[in-house]
Amino acid sequence: PYVREHAVDVSAACQAAQRPGPSQFLVKGDARVLRADPASRSGLLPIDVAPFDGRPDAAMQIGPVIRGTALRDSLPFIEFSQFLNQLEFARVSNELNARALLTAQPANLAPGQIISFTGAMARPAPGQLPEIVPIELTPQRRPE
């Protein structure tokens with residue numbers, strides 16, 4: 001519920017991620033699936049965010065391995081000072097990522113399909129696409 005309430009439009013977050021400021025964002029939006037390749041262990045699903053232009057704007061992490069700490073670090077009520085050590089803090093991130101993977105099942109997505117989602121993303125490295133950890137992922141319609 002916190003993510004749904006505080007998520008910003010993914011287009012605005014992608015633009016904000018290119019400027020100084022926050023490093024993590026809770027995001028929501030609609031997108032078109034560009035490619036679906038679930039074969040990789042750290043699978044990425046390139047997406048085109050509305051308005052659709054056929055180019056990837058971001059990528060969904062569809063697992064089964066979810067990399068990074070974007071989800072944990074985008075939640076302001078989870079702070080390092082609440083944990084005994086770095087290992088415990090890292091375990092929280094791993095558990096949140098695993099839970100997100102269970103709730104946002106990206107099964108049977110096809111290129112061209114429109115999806116709605118909420119999730120978390122971190123500022124990408126220069127020249128890289130933002131990678132979104134989906135928390136909710138809902139197929140809207142099949143490709144035409």
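The values are calculated or read from the model by the stated rules, or taken from the named source; none is laboratory data. This one's a predicted model, so the numbers in the text were calculated from it and none came from an experiment. Neighbour counts are summed over all protein chains in view; Cβ atoms, including those assigned to glycine, are modelled from backbone coordinates with ideal geometry. Note: areas computed on protein heavy atoms with side chains; ligands, DNA, RNA excluded. Shrake-Rupley method; radii C 1.70, N 1.55, O 1.52, S 1.80 Å.
Annotations for the structure displayed:
- Whole-percent carbon and sulfur share, accessible surface of the chain, 1.4 Å: 54
- Net charge of neighbours whose Cβ lies under 15 Å from the Cβ of Gln82, counting Lys and Arg as +1 and Asp and Glu as -1: -2
- Helix-only mean residue ellipticity at 222 nm for the chain, each DSSP H run of n ≥ 4 adding -39500 (n - 2.57), per residue, nearest 500: -6500 deg cm²/dmol
- On a per residue basis, segment 1-107 carries 59 Å² of accessible surface, using protein heavy atoms and a 1.4 Å probe.
- For segment 20-121, a Kirkwood hydrodynamic radius built from all Cα pairs, placed in the Stokes-Einstein relation at 37 °C and 0.692 mPa s, yields a translational diffusion coefficient of 223 µm²/s.
- Residue-level accessible surface for Asp57, protein heavy atoms, 1.4 Å, Å²: 50
- Cα gyration tensor category, rounded, prolate or oblate, for segment 1-70 with a/c compared to 1.5: oblate
- Segment 71-144: Rg to Rh, with Rh as the Kirkwood radius over Cα pairs: 1.07
- Between 0 and 90°, nearest 10: helix 86-103 axis offset from the chain longest Cα axis: 30
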